[in-house]
Amino acid sequence: MRLGLVADAGVLGGGHVPLLPLQRAGWGIAWMDEVAAETAGLPVGLVVPPGAGLPVSGAAEVWLRGDHTAAGVADAVARLRVLDVPPRISADVLDGPGLEAAYGLGVTPVLGPSLLGELLALAAMAAPARASAGGLAVLLPISVGRTDAEARARLHRDPWLAAVDGSGAVLVGTLEACQDAVISLIHAGVSDLRLRPAAAPDLPDVLAQLSALGRSPLDRLRPGAPRSPAPPAPADWGGRPG
């Protein structure tokens, strides 16, 4: 599974994400509002909302975000594919017909934000087409913390994430809890996970935690499988003094 960072203005807050550490930590792509001049070897995808202009060059991938009409998506795909270096294209979809239309155009459908159960149901609908067309992405708003309280506090400091959380579409909790959800998505056939983290002053720490979601052992775990037992205490550990 490829792990991607949705690095929009709400996340960055006028700053920037150092791409080299992301690349070294195993992230597969960074999604941005504009094409980056320096990529540090990490692919950078361009996010294109409805009404925005399409790139003429420089984007490795293009993601058609939001409520593009079916005709608008088809037109954008046709225009992007005649570029000298055509980018890989993905587009947001909401339902089964949207999945069928995306695969018919040869683009990667992007599900979400939505409840986990709804994402899994749509992923199951995509399975027959995905076998021949390949690729299924999910946009996953996420707020992770070392405790549930820390994750919730980060969520409430991000206006966009807090608004999306009203529909229950944000994954909030400890890294272990978030891993359980990601394992379910992997086994449902999701191959491209696009994380939109909570904007936080300690964003590098947040990204370091989220890097664990893209590591290969998750691919081999089963949803709901019991955790490995904790290792025993060292033989010479006597616990707390009396």
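What the table shows:
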quantity	calculated
Those residues of region 62-71 which are closer than 16 Å to VAL110 by Cα, at pLDDT below 95 and of a type outside the set (D, E, K, R), in sequence order	GLY66, HIS68, THR69, ALA70
Single unsatisfied condition, CYS178 versus (1) buried (at least 22 other Cβ atoms within 10 Å of the Cβ); (2) over 25 Å from LEU105 (Cβ atoms); (3) touching a residue at least 40 places away in the same chain (Cβ under 8 Å)	(3)
Count of region 34-60 residues which are assigned to a loop (DSSP other than H, G, I, E, B) and either free of Cβ contacts under 8 Å to residues at least 24 places away in the same chain or within 16 Å of PRO197 (Cβ to Cβ) (or both)	15
Restricting region 188-208 to residues that are part of a helix (DSSP H, G or I) and crowded, with 17+ Cβ neighbours inside 10 Å, the residue that is modelled with the lowest pLDDT	LEU203
Selected residue (criterion: surrounded by the fewest Cβ atoms within 10 Å (Cβ to Cβ)) from residues of region 9-28 that are in contact with a strand residue (DSSP E or B) (Cβ under 7 Å, 6 or more places away or on another chain) and at pLDDT below 80	VAL17
Options PRO128, PRO109, PRO86, PRO141: the member that is surrounded by fewer than 18 Cβ atoms within 10 Å (Cβ to Cβ) and either at pLDDT 95 or above or part of a loop (DSSP other than H, G, I, E, B) (or both)	PRO86
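The values are calculated or read from the model by the stated rules, or taken from the named source; none is laboratory data. These numbers come from a predicted model, not from an experiment. So basically every Cβ, Gly included, is an ideal-geometry build from the backbone, and we count neighbours across all protein chains shown.
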